[in-house]
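Every read-out reported here was derived from the displayed coordinates using simple, explicitly stated rules and does not represent laboratory data. Given the structure is predicted, the values throughout are model-derived calculations rather than measurements. Glycine also receives a Cβ, built like all others from the backbone with ideal geometry; neighbour counts cover every protein chain displayed.
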Amino acid sequence: MPDIVDIAVGAGAFKTLVTAVQVAGLVDTLKSPGPFTVFAPNDDAFAKLPPGTIPTLVQNPPQLARILCFHVVPGRYTQADLAKVGSLDSVEGAPIPFYCEDGVFEVKNATVLAADIEADNGIIHVLDRVILMG
Amino acid sequence: MTTATTTAAPSYRGVLPPSQHEFAEVIHRLEAGGAMLPDSPENLMQIIGIYKAYAVPMDFYWRDLLYMAEQVFLEPLPFFKYFPTQEYLDRHNHYAGDTADLRIWRGPATAHPELLAFMAKGETGKMPKLLHHLWHDRINMEFAEECMRAMLWHQGMGGRFNDYLDSDEYRENANRAIRAYFKGNPAMLALHKLFPEMFLEQCRQASYLANLGLFWEVMAPVFFEMSDLFDEGNLRTVPEAMNFLVNGIFAIAGRPIYHHVYIRGECYEVIPKSKGFTWLYEAALPYVEAVFYRTSPFRGTKSYNAQARQVPEDQKDFHYGILYADVFPVGTAGIPPTLLMQDMYHFLPPYLVEYYSRHCKGKDDMLIQLGITFQRSMYCVTSAVIQALRTALLYPLDDPNPRHLQANRAFFEMQLDRFKRPEARLRNIQNQDYR
C-alpha cells in the first residue's frame, strides 16, 4: 500500500501541501512507519489564505513545519475514532478539536471533504481549510 | 500587498436573532465585516494620520531595540543604548524596499527620511546628538522599553516564547552568550557564578527586546503603506483600513521570532530561528494582550494604592492599556505613554495638525487630542486582530451554516465582554465628540 506522501503526490489535489512538506523537510518523517493521522488541506484550502501567507512560510521552513505539524496526530484514527475522542494533541503540541454529528465531520473550523483514506503508514482526512493553532 | 474589501451582508440577518449583548451594535458591525471603530471619513483620516505619525518613531524603535538586543546586550552601564550605530539605521527592513522578503511598503528599506531629519535637528536645531539626547530632544525609547517590560512581566499570554525562556535549552544558550560577553572580565564572570540568575534575567529581557523589535519591523512599513494608499485615495473606509491590517497579519504571520547576539563578530543564537517561533503567535498576540489590554498603572496625575486594592491582585485583571487609558491624567510629562505622544507629535501629517487646531484648545492640547486619536486607531488595530483570529480559528462572515455563525457571534461577544469594564473606551470612541 502507498504511504501518506505517495498518496498526496498521486492525488494531484495537494500540490501546495506536497511542496510545503518538502520545503519543511518533513518528507522522511511522513514516509516513516508512523503511524500518523494527517489532516490534509487541498490546494483550494491553501488558496483561501490571504496573499503573502504561504510565501512567508515557505521562506521560513521551521515556522512552516510547525504549522504543518499542527495537521498531524500520532496514531491511526478513523472518523469513527475521532468522533469518540473529541480532541487530540497534534504533533505541534496544540490540541485539535473534532465535531462529528448528523453526518458532518469537522476538524477545528475545517470541514472534512474526504475521510478515512488509508495509507501504509497512517490515514488521511482531506480538509477544505488550513487549520491554525489557537 | 493588496487591500481586500469585505462586502458580506450582516450574518445575523435572517439567520441569527439580533445579539442581546451590551455592545450589540458593535457586534453586528463586526459581523458585517466592520471594525469596533465606526466607519466615518473623520475616523479614517484620524487613524491613518496617526499611523503615519506612529510609523516614523517606530522605524527608530525597532532598529534600536534590535541594536540593544544584539549588540548592547548585557552592557552594565548602557549609557549609549539609545544611540544605534549607522549599521542599524542602514539596516534593510525585511518588508520595505527592493531587497524585501515581502514588500509591504514601496518606500526605502533604510531609516525613514523624516526620522533621519529629526535625529539631525530635533526641535532645537542642529547640534551633537549627545546634547539632543540630554535635552530629551530625541525619539524616546522609554516607551518601547516599557512595552518590552509589559510583555516580560505579564507572561503567559499565549505562544511558546515565554515558556522557552525558562527551558534548560534557553539557559544553556544564554549562559554561553553571557560567558562570551564577559570573556576576559573575571569580576563579571565571578558575579555570574555567584548569582547565576542575575544576568540570565537580563538576557531574558534582551530576548523580549528582540521579540518587540522584530514585531515592529513589520508594523512600520504596514503603517507607511496605509498612509500612502490613503494619500492616493486608495484607502477609503475604516473597514478597508482594517482589512489591510488583517491581510498584513496573515502575510507575515510566519515571520521567525528569534534572538541573536553578536559578540566580537561572532553570532550567538540565544533563541534560534529553528525553534519555529512565529510573528503571530510569539510576538503579535502577546504584544496586543500585554500592551493594548494590560500594561501597568502609570503614575500620571492619578496615583494607585496597591494596599487599598486599587491595583488588581491577578495580572490577568490588569486593564491599563491604551484601550482603557484615560489619556488626560496619563498624559503627564516623562511617563512612557506621553513620551510616545511626544514622539508622534513630531511627525503628524499637516491635515491632522490642521484638524487638531480646530478643536478643544487647538495646539495647546494637541498631545491629548492625538493620544485619543491613537486610542481610536488602536481600536481599529484590535478589530483587525479580532477579525484575523476569527478568520484563522472560526468561520467566514458569509458562512451559510447557522452553527458556524453562532460560533462567530459567541467569539465576538466574548471579545467585547472585555470592554464592559467602566474604564474601557469602546463607548467613547463611538462618538466623534470624544477628543
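Counting other Cβ atoms within 10 Å, which trypsin sites (Lys or Arg not before Pro) in the range B:224-298 have at most 14 and lie in a DSSP loop?
Loop-located and lightly packed - B:Arg264.
Rounded to the nearest 500 deg cm²/dmol, what is the calculated helix-only ellipticity per residue at 222 nm for chain B, with -39500 (n - 2.57) per DSSP H run of length n ≥ 4?
That comes out to -15500 deg cm²/dmol.
Which value, in debye to the nearest 20, gives the size of the charge dipole of the range B:80-239 about its Cα centre, when Lys and Arg are +1 and Asp and Glu are -1 at the Cβ?
Rounded to the nearest 20 debye, it is 540 debye.
Between the DSSP loop rule and a limit of at most 14 other Cβ atoms within 10 Å, which trypsin sites (Lys or Arg not before Pro) in the range B:150-224 are left?
Sites meeting the loop and neighbour criteria: B:Lys183.
In a shell of Cβ-Cβ distance under 9 Å around B:Asp326, excluding B:Asp326 itself, what net charge do Lys and Arg (+1) and Asp and Glu (-1) give?
Charge balance in the 9 Å sphere: +1.
Working out 0.36 nm times the residue gap between B:Asn401 and B:Ala120, then minus their Cα-Cα distance, what length gain in nm do you get to one decimal?
Difference between extended and current length: 95.3 nm.
Find me the longest stretch of chain B that has none of the exposed chymotrypsin sites (Phe, Trp or Tyr not before Pro), where exposed means in a DSSP loop (not H, G, I, E or B) with at most 14 other Cβ atoms within 10 Å.
So the longest stretch without any such site is B:136-303.
Of B:Ala32, A:Pro41, B:Asn173, whose Cα points farthest to the positive end of the dipole of the protein assembly as shown (charges on the beta-carbon: +1 Lys, Arg; -1 Asp, Glu; origin at the Cα centre)?
Of B:Ala32, A:Pro41, B:Asn173, it is B:Asn173.
With each pseudo-label sitting 7 Å past Cα toward Cβ, what's the B:Ala187-B:Asp317 distance in nm, one decimal?
So the label points at B:Ala187 and B:Asp317 sit 4.6 nm apart.
HN-Hα J couplings of the range B:278-295 from phi, Karplus 6.51/-1.76/1.60, θ = phi - 60°, integer Hz, Gly and Pro as x?
10, 4, 5, 7, 9, 10, 4, 5, x, 5, 4, 5, 6, 9, 6, 9, 8, 6
Could you check how many percent of all C-alpha pairs in the range A:25-131 are farther apart than 17 Å?
Considering the range A:25-131, 52 percent of its Cα-Cα pairs are separated by more than 17 Å.
Counting only DSSP beta bridges with both residues in the protein assembly as shown, what percent are antiparallel, rounded to the nearest 5?
Restricted to the protein assembly as shown, the bridges split so that about 75 percent are antiparallel.
Taking the Cα centre of the range B:345-426 as origin and charging only Cβ (+1 Lys, Arg; -1 Asp, Glu), how large is the dipole, in debye to the nearest 20?
So the magnitude is around 140 debye.
Reachable aspartates and glutamates from B:Lys193, Cα under 16 Å, same-chain residues fewer than 8 places away excluded?
Output for B:Lys193: B:Glu172, B:Glu201.
Counting only complete DSSP H runs, which helices of chain B cover 30 Å or more along their long axis at the Cα atoms and score a mean Kyte-Doolittle of 0.5 or above?
Within chain B the helices that satisfy the rule are B:366-393.
Place +1 on the Cβ of every Lys and Arg and -1 on the Cβ of every Asp and Glu in the range A:4-127, take the dipole about the Cα centre, and give the residue among A:Gln79, A:Pro95, A:Gly25 whose Cα lies farthest towards its positive end.
Checking the options against the dipole of the range A:4-127, the answer is A:Gly25.
Please give, to one decimal in nm, the separation of the simple spin-label points placed at B:Ser274 and A:Lys84, each 7 Å out from Cα toward the Cβ.
4.0 nm
Expressed in nm to one decimal, what extension gain is obtained for the pair B:Gln155 and B:Asp39 from 0.36 nm per residue of sequence separation less their Cα-Cα distance?
That pair, B:Gln155 and B:Asp39, stretches by 38.3 nm at full extension.
Which one, B:Phe411, B:His154, B:Phe230, projects farthest toward the positive side of the charge dipole computed for chain B from Cβ point charges (K/R +1, D/E -1)?
Value computed over the given set: B:His154.
Quote the FRET efficiency, to the nearest 0.05, computed for A:Asp44 versus B:Ala180 with a Förster distance R0 of 45 Å and r equal to the Cβ-Cβ distance.
It comes to 0.35.
Relative to the Cα centre, what is the charge dipole magnitude of the protein assembly as shown, using +1 at the beta carbon of each Lys and Arg, -1 at the beta carbon of each Asp and Glu, and rounding to the nearest 20 debye?
Roughly 1180 debye, rounded to the nearest 20.
Can you compute the label reach from B:Leu134? Point 7 Å from Cα along the Cβ direction, backbone N cut-off under 20 Å, restricted to the range B:65-95.
Only B:77-84 fall inside the zone, counting backbone N under 20 Å.
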